[in-house]
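**Q** The structure's right below; bear with me while I get my questions together.
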Amino acid sequence: MHILIIGSNGMFGSDLLTVLSQQHKVTGFDLPVLDITHLSTTRSVSSASQPDLIINAAGYTDVDGCETNIDLALTVNAMGTRNLAEVCNELSIPIVYISTDYIFDGKSTSPYLELDMPNPQNVYGKSKLLGEQYVRELTKKHYIIRTSWLFGKHGRNFVDIMLYLIKEKDEIHVVNDQVGSPTYTCDLAKAISELIMKPTYGTYHLTNSGTCTWYEFTLEIFRQAGIDNVRVKPMTTEELNRPAPRPKYSVLDNHNWRKLGKKPLRHYKEALADYLKSLTEEEPK
């Protein structure tokens with residue numbers, strides 16, 4: 001299969017490129033070579049590449065930035081996705097669209113199913129949900145993947161931020177009233193590589209197993225990294241006072257994945273251990 005990955009230089013796109021290249025011919029595109037917000041460019045590049053499937057891993061993911069850059073969020077996350085979906089429909093090939101847990105309002109007390117009603121509370125979530133809607137409207141051959149709290153080797157992520165902060169501070173405050181499932185980009189890429197082997201189109205929640213708050217996740221990061229010389233204090237979302245509202249509870253039930261007979265992705269603590277090991281291995285000797 002020839003797979004086109006849009007956003008191949010990003011944190012998740014980079015791991016997709018690595019994982020999928022083991023079994024498929026893979027071509028990666030990113031800015032400035034391909035700007036998906038221009039339909040004509042997207043159409044010409046995609047058609048020339050003659051792919052069997054396109055994965056849209058591109059996006060404007062600055063959640064707080066989206067609140068002030070609304071046009072950019074909608075242009076990239078919604079209209080860019082619309083362009084790709086239109087091209088996939090013209091070529092009669094599937095599209096994989098990476099969405100987010102932030103399409104939900106966080107008022108649930110149990111994990112969200114794929115069929116639960118979205119109600120995004122921030123611009124980022126609204127723009128990603130609009131992207132989902134375009135995909136469903138424009139092509140039947142689609143995999144919509146909602147995931148959450150990504151961390152990986154090829155981009156700025158929460159784990160790296162925490163490990164950086166302790167170099168400058170001996171006390172940090174972390175939100176303890178948002179619950180989700182940290183997800184390793186390598187594990188997500190491997191799951192998608194399985195999913196696309198059959199035309200089981202639809203919407204899927206894909207995250208690592210286990211749940212925690214950002215505060216609990218921080219404690220686990222430091223425990224596994226052997227860091228015990230920093231104080232971690234819990235705080236509320238209101239105390240953090242970020243521009244974009246965040247869902248207090250955004251755990252995703254990977255129901256449709258399990259219905260395919262697939263094993264749940266491993267626990268986030270196990271995935272974190274592999275990630276921290278990879279960071280150690282990359283350190284200069």
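The values are calculated or read from the model by the stated rules, or taken from the named source; none is laboratory data. What you are looking at is a predicted structure, and each value in this text was computed from that prediction instead of being measured. Note that we place each Cβ from the backbone using ideal geometry, even for glycine, and neighbour counts take in every protein chain shown.
**Q** Return the residue satisfying two criteria in turn: it lies in region 50-64 and is surrounded by fewer than 16 Cβ atoms within 10 Å (Cβ to Cβ) and not in a helix (DSSP H, G or I), and of such residues it is modelled with the lowest pLDDT.
**A** So the first thing to find is which residues in region 50-64 are surrounded by fewer than 16 Cβ atoms within 10 Å (Cβ to Cβ), and the list is 50, 52, 62, 64.
Then drop every residue that is not not in a helix (DSSP H, G or I), which leaves 50, 52, 62.
Working: Gln50: 93, Asp52: 97, Asp62: 96.
In this case the residue turns out to be Gln50.
**Q** Is region 28-40 home to any residue that is part of a helix (DSSP H, G or I) and either modelled with pLDDT under 95 or surrounded by fewer than 18 Cβ atoms within 10 Å (Cβ to Cβ) (or both)?
**A** Of region 28-40, the ones part of a helix (DSSP H, G or I) are 39-40.
When the remaining residues are screened for being either modelled with pLDDT under 95 or surrounded by fewer than 18 Cβ atoms within 10 Å (Cβ to Cβ) (or both), the result is 39-40.
Yes, because at least one residue in region 28-40 is part of a helix (DSSP H, G or I) and either modelled with pLDDT under 95 or surrounded by fewer than 18 Cβ atoms within 10 Å (Cβ to Cβ) (or both).
**Q** Only residues that are of a type in the set (Val, Ile, Thr), modelled with pLDDT of 95 or more and more than 20 Å from the chain's Cα centre (by Cα): list them for region 197-231, please. Lay out the reasoning, then the answer.
**A** So in region 197-231, the residues of a type in the set (Val, Ile, Thr) come out as 200, 203, 207, 211, 213, 218, 221, 227, 230.
Then drop every residue that is not modelled with pLDDT of 95 or more, which leaves 200, 203, 207, 211, 213, 218, 221.
Passing the criteria: only Thr200.
**Q** Can you tell me which residue within region 219-276, out of those that are among the hydroxyl-bearing types (Ser, Thr, Tyr) and in contact with an Asp or Glu (Cβ under 6 Å, 6 or more places away or on another chain), is surrounded by the fewest Cβ atoms within 10 Å (Cβ to Cβ)?
**A** Let us first name the residues in region 219-276 that are among the hydroxyl-bearing types (Ser, Thr, Tyr), namely 236-237, 249-250, 268, 275.
Now restrict to residues that are in contact with an Asp or Glu (Cβ under 6 Å, 6 or more places away or on another chain): 236-237, 250.
Working: Thr236: 13, Thr237: 17, Ser250: 26.
Result: Thr236.
**Q** Does Ile3 satisfy being outside any loop (DSSP other than H, G, I, E, B), modelled with pLDDT of 95 or more and either within 17 Å of the chain's Cα centre (by Cα) or among the small types (Gly, Ala, Ser) (or both)? If you could, list the steps in order and put the result at the bottom.
**A** Numbers: outside any loop (DSSP other than H, G, I, E, B): yes; modelled with pLDDT of 95 or more: yes; either within 17 Å of the chain's Cα centre (by Cα) or among the small types (Gly, Ala, Ser) (or both): no.
No: the conditions fail for Ile3.
**Q** Here's another thing I want to ask about it. Does Tyr268 satisfy the condition of being touching a Pro at 6+ places or on another chain (Cβ under 6 Å) and under 28 Å from Gly202 (Cβ atoms)? Break it down stepwise before answering.
**A** On the way: touching a Pro at 6+ places or on another chain (Cβ under 6 Å): yes; under 28 Å from Gly202 (Cβ atoms): yes.
Considered against the rule, which asks whether it is touching a Pro at 6+ places or on another chain (Cβ under 6 Å) and under 28 Å from Gly202 (Cβ atoms), Tyr268 comes out as yes.
**Q** Can you confirm whether Glu168 is charged (D, E, K, R) and under 22 Å from the mean Cα position of the chain (by Cα)? Can you show your working first?
**A** Working: charged (D, E, K, R): yes; under 22 Å from the mean Cα position of the chain (by Cα): no.
In short, no.
**Q** Collect the residues in region 129-181 that are modelled with pLDDT under 95 and either hydroxyl-bearing (Ser, Thr, Tyr) or closer than 17 Å to His205 by Cβ (or both), keeping them in residue-number order.
**A** If the condition is that a residue be modelled with pLDDT under 95 and either hydroxyl-bearing (Ser, Thr, Tyr) or closer than 17 Å to His205 by Cβ (or both), then Tyr164 is the only one that fits.
**Q** I would also like to ask the following. Being assigned to a strand (DSSP E or B) and surrounded by 15 or more Cβ atoms within 10 Å (Cβ to Cβ) narrows it down to one residue among Thr207, Thr203; which is it? If you could, list the steps in order and put the result at the bottom.
**A** Details: Thr207 fails: assigned to a strand (DSSP E or B).
Testing whether each residue is assigned to a strand (DSSP E or B) and surrounded by 15 or more Cβ atoms within 10 Å (Cβ to Cβ) leaves just Thr203.
**Q** Moving on. Considering each residue of region 6-27, count those that are within 25 Å of Ala73 (Cβ to Cβ) and part of a loop (DSSP other than H, G, I, E, B), and give that number.
**A** The total comes to 4.
**Q** Ok, one more. Could you please tell me which pairs satisfy a Cβ distance under 6 Å, a separation of 6+ or placement on different chains, a first residue in region 1-21 that is without any contact (Cβ under 8 Å) to a residue 24 or more places away in the chain and of a type outside the set (Gly, Ala, Ser), and a second residue that is crowded, with 24+ Cβ neighbours inside 10 Å and in a strand (DSSP E or B)?
**A** Filtered contacts from region 1-21: Leu17/Ile5.
**Q** Is it the case, given these coordinates, that Ile70 is crowded, with 17+ Cβ neighbours inside 10 Å and modelled with pLDDT of 95 or more?
**A** no
**Q** Inside region 10-58, can you point out the residues that are within 29 Å of Pro247 (Cβ to Cβ) and in contact with a Phe, Trp or Tyr (Cβ under 9 Å, 6 or more places away or on another chain)?
**A** Within region 10-58, Met11, Asp15, Ile36, Ile55, Asn56, Ala57, Ala58 meet the criteria.
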